[in-house]
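Pasting a structure below so you can have a look.
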Amino acid sequence: MPAYTVLICDSTTDIALGEVPAITITYGEVLNGAGAASVEIPLNTPAGNISALAPLQQSIFVLRDGVPVWGGILWAYSMDAAANKATLSCTGFMSLLNRRRLRATVKYEGIDQALIVKDFVDVAQALSGGNMLIDTSDVVAVGKTRDRTYYDYERKNIGEAIEQMSDVRDGFDYAIRPAYVAGALTRRMTVTYPNTGRNTNIVLDTGSNVDLMSVTSDATQMTTVQHIKGEGDGANALLATATNAALLNVYPMVESLFAAQDVKQQSTMDDYAQRGIDLGKEPVVIPTVQISGESDPQIGSYITGDHVRVVANYGLLNIDATFRITAWTAVVAEVGSETITIQLAPLEVFANA
């Protein structure tokens, strides 16, 4: 069983205030999302210089055998005196970007999309009192340019702007992960393009390392015609429509409408429409597997977005294909067990992404 350490830090410096003895820890990562953690600690245990829990003023880092595997902001807690425990509710550092706004008008013409993301973060952090401690030094040009305009009066949500740009065709993957840099805890941001993920040799097999597997197949998000409604009202609204001609008369026609009311350029509208067609071209087969922390693959050997092979042969459940990891969650119980749940999606969902 790996040794876990939970550090509570000052959220404006990430300097450790103390270590808390966790009863249970649940933490995980979501592809292009903030991820979350829940930590139960005893109420009556002193922890270094921590005199009180302070949501938003404190950050949380989870270390596994001394290696940072999760980091985020303490947003809330609950206390139960009868059970002698407090539960810390934390969300990854991306949650800070979801609470920040673009205050000045910015126009990007033919600018690399990763550098737009970097500029979002760097400009927000340059404001007095606005430093989020996010290290963007690893964010470099990826070779795909975009045109974007955001007006000061919109007060555009930065996290939403990044998510929207990553979601169009030829988008990117992004994350803020914890690491030790020169001995200091660091919030390291990455932007990865193309967003097709890393190929790995990992195999998740019900006959060997997988304890439990479940699979769903869902056609509710299929679409043969994708409509996009952009900026403007009534007859003045920007519109784009894409049709998957190969599916007509094969499936019943199903249409979807996505509102992108702050999109001002027709080319971006067309990218959104085509992306909707790519995502909705077939039912999505979604496996979820559960493995023991004592089995391979170990935490740290994979990240969200990675390609892994999934193998199962049990009656109607017959799979041998490559999937992408879309989320993973680790649960560390009081009794000392470590269980990891990995959620996956087929590569076809990300084709032409």
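Return the residues of the stretch 291-321 that are part of a strand (DSSP E or B), open to solvent by 60 Å² or more (accessible area, probe 1.4 Å) and at pLDDT 90 or above; say none if nothing qualifies.
If we filter the stretch 291-321 for residues that are part of a strand (DSSP E or B), which is where we start, we get 291-292, 307-314, 317-321.
Filter once more, so that each one left must be open to solvent by 60 Å² or more (accessible area, probe 1.4 Å): 309, 313-314, 318, 320.
The answer is R309, D320.
Of all residues in the stretch 196-239, count the ones that are of a type in the set (S, T, N, Q) and under 30 Å from Y251 (Cα atoms). Even if it seems obvious, please write down each step before you answer.
Taking the stretch 196-239 as the starting set, the residues that turn out to be of a type in the set (S, T, N, Q) are 196, 199-201, 206, 208-209, 214, 216-217, 220-221, 223-224, 226, 236.
Right, trim to under 30 Å from Y251 (Cα atoms) and you get 196, 214, 216-217, 220-221, 223-224, 226.
Total meeting the criteria: 9.
State whether the residues of the stretch 117-135 include one that is under 19 Å from the mean Cα position of the chain (by Cα), part of a loop (DSSP other than H, G, I, E, B) and at pLDDT 95 or above.
yes
Among the listed residues G276, G197, G232, which satisfies the condition of being surrounded by 12 or more Cβ atoms within 10 Å (Cβ to Cβ), assigned to a loop (DSSP other than H, G, I, E, B) and free of Cβ contacts under 8 Å to residues at least 60 places away in the same chain? Give the derivation first.
Numbers: G276 fails: assigned to a loop (DSSP other than H, G, I, E, B); G197 fails: free of Cβ contacts under 8 Å to residues at least 60 places away in the same chain.
Answer to the selection: G232.
Counting only residues that are β-branched (V, I, T), under 21 Å from R275 (Cβ atoms) and open to solvent by less than 10 Å² (accessible area, probe 1.4 Å), how many does the stretch 322-353 have? Steps first, please.
Step one: filter the stretch 322-353 for residues β-branched (V, I, T), giving 322, 325-326, 329, 331-332, 335, 339-342, 349.
Going one step further and asking which of them are under 21 Å from R275 (Cβ atoms), we end up with 325-326, 349.
With the extra rule that they be open to solvent by less than 10 Å² (accessible area, probe 1.4 Å), the set shrinks to 325.
Result for the stretch 322-353: 1.
From the residues in the stretch 177-187 that are out of contact with any Ser or Thr (no Cβ under 8 Å at 6 or more places or on another chain) and surrounded by 14 or more Cβ atoms within 10 Å (Cβ to Cβ), which one is nearest to D306 (Cα to Cα)? Reasoning before the result, please.
Of the stretch 177-187, the ones out of contact with any Ser or Thr (no Cβ under 8 Å at 6 or more places or on another chain) are 181-187.
If we keep only those that are surrounded by 14 or more Cβ atoms within 10 Å (Cβ to Cβ) as well, we get 185-187.
Details: L185: 25, T186: 23, R187: 21 Å.
Filtering first and then ranking leaves R187.
Could you list, in sequence order, all residues of the stretch 257-270 that are open to solvent by 30 Å² or more (accessible area, probe 1.4 Å) and either among the polar types (S, T, N, Q) or at pLDDT 85 or above (or both)? Please lay out each step first, then the result.
Filtering the stretch 257-270 for residues open to solvent by 30 Å² or more (accessible area, probe 1.4 Å) gives 257-259, 261-262, 264-267, 270.
L257, F258, A259, Q261, Q265, Q266, S267, D270, listed by residue number.
Do you know which residues across the stretch 1-40 are open to solvent by 30 Å² or more (accessible area, probe 1.4 Å) and over 26 Å from Q125 (Cβ atoms)?
M1, A3, Y4, T5, E19, P21, A22, I23, T24, T26, S38, E40
Tally the residues that are free of Cβ contacts under 8 Å to residues at least 60 places away in the same chain, of a type in the set (A, V, I, L, M, F, W, C) and closer than 17 Å to G207 by Cα, restricting the search to the stretch 300-339.
Residues flagged as free of Cβ contacts under 8 Å to residues at least 60 places away in the same chain, of a type in the set (A, V, I, L, M, F, W, C) and closer than 17 Å to G207 by Cα within the stretch 300-339 amount to 2.
Now for a different question. Provide a single number: the residues in the stretch 76-116 that are over 22 Å from R155 (Cα atoms) and either assigned to a helix (DSSP H, G or I) or among the polar types (S, T, N, Q) (or both).
Count: 5.
Something else about it: Does L63 meet the test of being in contact (Cβ under 8 Å) with a residue 60 or more places away in the chain, within 25 Å of G33 (Cβ to Cβ) and crowded, with 20+ Cβ neighbours inside 10 Å?
Details: in contact (Cβ under 8 Å) with a residue 60 or more places away in the chain: no; within 25 Å of G33 (Cβ to Cβ): yes; crowded, with 20+ Cβ neighbours inside 10 Å: yes.
Spelling it out, it is not the case that L63 is in contact (Cβ under 8 Å) with a residue 60 or more places away in the chain, within 25 Å of G33 (Cβ to Cβ) and crowded, with 20+ Cβ neighbours inside 10 Å.
Any idea which residue in the stretch 41-56 is surrounded by the most Cβ atoms within 10 Å (Cβ to Cβ), counting only those that are farther than 30 Å from S166 by Cβ and among the hydrophobic types (A, V, I, L, M, F, W, C)?
Let us first name the residues in the stretch 41-56 that are farther than 30 Å from S166 by Cβ, namely 41-54.
Keeping just the survivors that are among the hydrophobic types (A, V, I, L, M, F, W, C) gives 41, 43, 47, 50, 52-54.
On the way: I41: 21, L43: 11, A47: 17, I50: 17, A52: 6, L53: 17, A54: 14.
Filtering the stretch 41-56 for residues that are farther than 30 Å from S166 by Cβ and among the hydrophobic types (A, V, I, L, M, F, W, C), the one surrounded by the most Cβ atoms within 10 Å (Cβ to Cβ) comes out as I41.
Give the residues of the stretch 208-223 that are assigned to a loop (DSSP other than H, G, I, E, B), open to solvent by less than 70 Å² (accessible area, probe 1.4 Å) and more than 23 Å from M165 (Cα to Cα), sorted by residue number. Break it down stepwise before answering.
Keep residues of the stretch 208-223 that are assigned to a loop (DSSP other than H, G, I, E, B), which gives 208-211, 219-223.
Restricting the remaining residues to those that are open to solvent by less than 70 Å² (accessible area, probe 1.4 Å) gives 209-210, 219, 222-223.
Scanning the stretch 208-223 gives N209, V210, A219.
Name the single residue that is modelled with the lowest pLDDT among those in the stretch 136-158 being polar (S, T, N, Q) and surrounded by 12 or more Cβ atoms within 10 Å (Cβ to Cβ). Talk me through it step by step, then tell me what you get.
In the first step, residues of the stretch 136-158 are kept if they are polar (S, T, N, Q); the result is 136-137, 145, 149, 157.
Then keep just the ones that are surrounded by 12 or more Cβ atoms within 10 Å (Cβ to Cβ); that gives 136, 145, 149, 157.
On the way: T136: 98, T145: 95, T149: 92, N157: 96.
Once the filter is applied, the top-ranked residue is T149.
The values are calculated or read from the model by the stated rules, or taken from the named source; none is laboratory data. This one's a predicted model, so the numbers in the text were calculated from it and none came from an experiment. Here the Cβ is made from the backbone with ideal geometry for all residues, glycine too, and neighbour counts use every protein chain on show. With ligands, DNA and RNA removed, areas are computed over all heavy atoms of the protein, side chains included. Shrake-Rupley method; radii C 1.70, N 1.55, O 1.52, S 1.80 Å.
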